[in-house]
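Visitor: Following this message is one structure expressed as structure tokens.
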Amino acid sequence: MDFRGLGNTCVIGLQWGDEGKGKVVDLLLADFDVVVRYCGGANAGHTIVVGGEKFALHQLPSGVLRPNALNVIAGGTVIDPAVLLGEIAALRQRGVPLGDNLRISDRAHVVFPYHRREDVLAERAARAGEKLGTTARGIGPCYADKYGRHWAIRVCDLLAPDRFRARLAAVVAHKNAYLRGVFEERETFDAARLADEYLAFAEQLRPFICNTTTLLHRLLREGRQMLFEGAQGSLLDVDHGTYPYVTSSNSGGGGVASGAGVPLAALRSVIGVIKAYTTRVGAGPLPTELNDATGDRIRERGREFGTTTGRPRRCGWFDAVAASYAALFTGPTGLALLHLDTLSGFEELRVCVAYRIGGQIVNEFPSDTYLLEQAEPVYESLPGWSEELGDCRRWEDLPAAARAYVRFLADRIGAPVRLIGVGPAREQTILVADGV
Ligand code: IMP
């Protein structure tokens with residue numbers, strides 16, 4: 001497999017996350033020089049296998065296992081130093097070196113324990129039906145501070161100890177007052193202790209910190225091939241997703257420009273990753289959700305449990321209205337369709353091709369999440385197949401019904417499927433050079 005010809009590439013999920021981006025990135029990595037995380041933080045979850053042992057990464061880019069790849073955590077992300085340093089230490093313990101192959105943006109924002117606390121308390125206080133089901137990693141509160149500006153702290157601030165101590169004292173006083181006043185929180189944060197802790201983190205992170213924007217532009221000029229690793233999925237994008245049931249960053253492709261400081265014109269390929277069915281963790285509308293034995297069967301066969309929180313994922317049939325909408329604002333040049341093997345053994349497969357909302361047929365993905373919650377899926381049925389697909393390696397090896405299913409999804413989304421996943425292992429992949 002040679003992916004050198006793709007040029008600078010972004011890998012983006014076209015659903016609600018967990019589409020299998022990790023496997024796609026892992027396959028492409030050998031042909032890329034630089035791997036960039038441009039949005040989100042420790043809410044992301046990506047499992048890698050080190051020495052036969054499974055290992056979940058949340059903050060680190062996926063290229064850390066490739067000796068020649070430079071891993072960049074860009075300015076659009078939020079960084080929890082405790083999580084990041086924990087991952088670095090755990091990898092080092094397993095003999096995976098991290099040094100010159102990791103760079104962290106001085107512009108990224110820093111997650112503090114008060115962000116995590118606020119995340120938990122806000123969810124607890126939300127009325128039934130209004131809880132977002134966040135990962136409790138402090139992501140929303142940290143991005144809220146970033147955009148509010150008054151109480152934000154960036155990585156570069158950690159490198160100026162006196163200024164940082166003074167700023168953190170003011171921020172913590174505000175946070176304590178807020179947590180006490182709004183949530184009647186009795187325990188408060190000690191600014192001096194927190195400053196000591198974070199300055200110690202900063203010393204460990206210092207060798208990795210730099211201006212990643214200028215670094216990436218230098219590498220672009222040198223002709224290095226870059227892989228931008230999307231976190232979460234497009235439908236969790238704060239601007240274009242199912243607001244407010246989204247994450248707090250631009251997890252759609254737009255995040256590459258804003259988060260990494262690399263203009264979109266520098267991208268040659270956008271790989272939209274879809275799963276052969278739909279899943280979602282956390283709250284929010286999911287029109288094709290199956291709260292029945294079929295949903296349970298998909299969950300069991302697809303091993304659909306969250307990497308970050310361990311929560312069982314909500315499962316349903318493929319929603320072509322939602323995925324086509326995501327394709328509109330992400331612009332995939334090709335699709336990677338994963339977990340096709342999970343659908344073996346179903347007599348009939350369904351694909352949602354429109355919604356019925358208030359008695360009307362709607363073909364467009366609604367902006368109003370309340371309307372999406374009312375949406376009943378309008379399905380087209382396709383014949384299933386009984387064969388297990390794990391050993392298929394070529395397009396021709398797939399049963400005719402599976403090929404018809406893949407073609408149907410590609411037609412609906414309007415982009416060619418170029419890669420098909422038929423199992424978790426790297427070799428359980430079918431490449432279709434010309435696309436389906
Ligand atoms: P937050 O990003 O922790 O604020 O969570 C907001 C929503 O995004 C919740 O529904 C989470 O379950 C979801 N979410 C956040 N990160 C991921 C991810 O990496 N995969 C799938 N869902 C995610």
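The values are calculated or read from the model by the stated rules, or taken from the named source; none is laboratory data. Just so it is clear, the structure is predicted and the values come from calculations on it, not from any experiment. Glycine also receives a Cβ, built like all others from the backbone with ideal geometry; neighbour counts cover every protein chain displayed. Accessible surface areas use protein heavy atoms only, side chains included; no ligands, DNA or RNA. Shrake-Rupley method; radii C 1.70, N 1.55, O 1.52, S 1.80 Å.
Visitor: Cβ-Cβ under 6 Å, sequence separation 6+ or interchain: first residue in region 307-330 and part of a strand (DSSP E or B), partner within 12 Å of the ligand (Cβ to nearest atom) and of a type in the set (D, E). Which pairs?
Guide: So the pair list comes out as C315/E304.
A quick yes/no check of all residues on (1) β-branched (V, I, T); (2) closer than 21 Å to L337 by Cα; (3) open to solvent by less than 20 Å² (accessible area, probe 1.4 Å); (4) more than 15 Å from the ligand (Cβ to nearest atom):
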site	(1), (2), (3), (4)
G45	no, yes, no, no
E53	no, no, no, yes
L57	no, no, yes, no
G63	no, no, yes, yes
G75	no, no, yes, yes
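Visitor: Can you find a residue in region 27-42 that is outside any loop (DSSP other than H, G, I, E, B), away from the ligand (no atom under 11 Å from the Cβ) and within 22 Å of G138 (Cβ to Cβ)?
Guide: Checking region 27-42: at least one residue is outside any loop (DSSP other than H, G, I, E, B), away from the ligand (no atom under 11 Å from the Cβ) and within 22 Å of G138 (Cβ to Cβ).
Visitor: How many of the residues making up region 47-94 are of a type in the set (D, E, K, R) and in a strand (DSSP E or B)?
Guide: Residues meeting the conditions: 2.
Visitor: Let me ask something additional. Within region 311-323, track down each residue that is within 18 Å of the chain's Cα centre (by Cα) and away from the ligand (no atom under 15 Å from the Cβ).
Guide: Answer for region 311-323, where residues must be within 18 Å of the chain's Cα centre (by Cα) and away from the ligand (no atom under 15 Å from the Cβ): just A323.
Visitor: Residues G22, G99, G13, G41: which one is in contact with a His (Cβ under 6 Å, 6 or more places away or on another chain), of a type outside the set (A, V, I, L, M) and at negative phi?
Guide: G22
Visitor: Is it the case that some residue within region 291-313 is small (G, A, S), touching a Ser or Thr at 6+ places or on another chain (Cβ under 6 Å), on the phi < 0 side of the Ramachandran plot and surrounded by 19 or more Cβ atoms within 10 Å (Cβ to Cβ)?
Guide: Yes, the conditions are met somewhere in region 291-313.
Visitor: For A128, work out the one condition from (1) more than 22 Å from I209 (Cβ to Cβ); (2) touching a residue at least 12 places away in the same chain (Cβ under 8 Å) it doesn't fulfil.
Guide: Here A128 clears every test but (2).
Visitor: Select from region 278-310 the residues that are charged (D, E, K, R) and away from the ligand (no atom under 16 Å from the Cβ) and write down the one among them that is farthest from K54 (Cα to Cα).
Guide: D292
Yes/no per residue for (1) in contact with a strand residue (DSSP E or B) (Cβ under 9 Å, 6 or more places away or on another chain); (2) surrounded by fewer than 18 Cβ atoms within 10 Å (Cβ to Cβ):
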| position | (1), (2) |
| --- | --- |
| I139 | yes, no |
| V155 | yes, no |
| P161 | no, yes |
| V172 | no, no |
| G181 | no, yes |
| D190 | no, yes |
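Visitor: If a residue must be of a type outside the set (D, E, K, R), part of a helix (DSSP H, G or I) and within 14 Å of the ligand (Cβ to nearest atom), how many such residues does region 107-134 contain?
Guide: The number of residues fulfilling the criteria is 4.
Visitor: Could I ask something else about it? Restricting to region 1-26, name every residue that is more than 11 Å from the ligand (Cβ to nearest atom), touching a residue at least 12 places away in the same chain (Cβ under 8 Å) and part of a helix (DSSP H, G or I).
Guide: R4, L6, K23, V24, V25, D26
Visitor: With the requirement that a residue be open to solvent by 70 Å² or more (accessible area, probe 1.4 Å), more than 22 Å from G13 (Cβ to Cβ) and out of contact with any strand residue (DSSP E or B) (no Cβ under 8 Å at 6 or more places or on another chain), what does region 401-433 give you?
Guide: E427 - this is the single residue of region 401-433 that is open to solvent by 70 Å² or more (accessible area, probe 1.4 Å), more than 22 Å from G13 (Cβ to Cβ) and out of contact with any strand residue (DSSP E or B) (no Cβ under 8 Å at 6 or more places or on another chain).
Visitor: Go through L132, L98, L102 for me and flag whichever is under 21 Å from the mean Cα position of the chain (by Cα) and more than 29 Å from R280 (Cα to Cα).
Guide: Step by step, each of L132, L98, L102 is checked, and only L102 is under 21 Å from the mean Cα position of the chain (by Cα) and more than 29 Å from R280 (Cα to Cα).
Visitor: Next question, about the same structure. What are the pairs with Cβ atoms under 7 angstrom where one residue, in region 133-161, is of a type in the set (F, W, Y) and the other, located anywhere, is within 14 Å of the ligand (Cβ to nearest atom)? Sequence gap at least six, or different chains.
Guide: Sorted first by the residue in region 133-161, then by its partner, the pairs are Y143/V78; Y143/S248; Y143/S249; W151/D145.
Visitor: Still on this structure: Is it the case that region 386-395 has a residue that's exposed (fewer than 15 other Cβ atoms within 10 Å of the Cβ) and aliphatic (A, V, I, L, M)?
Guide: Taking every residue of region 386-395 in turn, none turns out to be exposed (fewer than 15 other Cβ atoms within 10 Å of the Cβ) and aliphatic (A, V, I, L, M).
Visitor: Filter region 327-372 down to residues that are closer than 20 Å to A400 by Cβ and among the acidic types (D, E) and give me whichever is least open to solvent (accessible area, probe 1.4 Å).
Guide: Among them, the one singled out is D341.
Visitor: Same structure, new question: For residues that are among the aliphatic types (A, V, I, L, M) and within 9 Å of the ligand (Cβ to nearest atom), scanning just region 230-261, find the one that is nearest to G140 (Cα to Cα).
Guide: This residue is V246.
Visitor: With respect to the numbered conditions (1) farther than 23 Å from G284 by Cβ; (2) not in a loop (DSSP other than H, G, I, E, B), which one is the sole condition not fulfilled by V353?
Guide: (1)
To keep it simple, each residue is scored yes or no on (1) over 28 Å from L98 (Cβ atoms); (2) in contact with a helix residue (DSSP H, G or I) (Cβ under 9 Å, 6 or more places away or on another chain); (3) at pLDDT below 95; (4) among the acidic types (D, E).
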site	(1), (2), (3), (4)
K146	no, no, no, no
A173	yes, yes, no, no
L179	yes, yes, no, no
R193	no, no, no, no
L205	no, yes, no, no
F208	no, yes, no, no
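Visitor: With (1) open to solvent by less than 60 Å² (accessible area, probe 1.4 Å); (2) touching a residue at least 12 places away in the same chain (Cβ under 8 Å) as the list, and R165 as the residue in question, which single condition is left unmet?
Guide: Result: R165 fails condition (1) only.
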